[in-house]
1. Between helix 3-12 and the chain, what is the angle of the helix's C-alpha long axis to the longest principal axis, kept within 0 to 90° and rounded to the nearest 10?
2. Using 0.36 nm times the number of residues separating residue 74 and residue 107, minus their current alpha carbon distance, what extension gain do you get?
3. Quick check on the chain: helices-only [θ] at 222 nm, where DSSP H runs of length 4 and up contribute -39,500 (n - 2.57) each and the sum goes over total residues. Nearest 500, please.
4. What is the helix-to-structure angle for 40-51, meaning the angle in degrees between its Cα long axis and the longest Cα principal axis of the chain, kept from 0 to 90 and rounded to the nearest 10?
5. Tell me the relative contact order for segment 3-108 as a rounded percent, counting alpha carbon contacts under 8 Å between residues six or more apart.
């Protein structure tokens, strides 16, 4: 099973622990809203919050491209504050784990 399938399954099952197993200890996430960087622990706390919210929903989720070095996914996300964004996420893969993610997003009215 590739990374995209594992991540999608973790999201569908709202399993932040399974999601966390995909991330390297040195994982970093660059937030598109602020340009700030989050580490693995901070990212998993955010993911757990999203997964525990009935108001968080991922729509139109698809893999754009994946190989041994990179995963690019696109999705439409409805956030708990009722905002909706089209999000493109690029993950860097190293030694069989995700080591970083950077996103770009467009707000949808």
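1. 40 degrees
2. That works out to 10.5 nm of additional length.
3. -7500 deg cm²/dmol
4. Helix 40-51 and the main axis of the chain meet at about 40 degrees.
5. 24 percent
Each reported figure results from applying straightforward, stated rules to the coordinates on display, with no laboratory input. Predicted model, so just to flag it, every value in this text is computed and none were measured.
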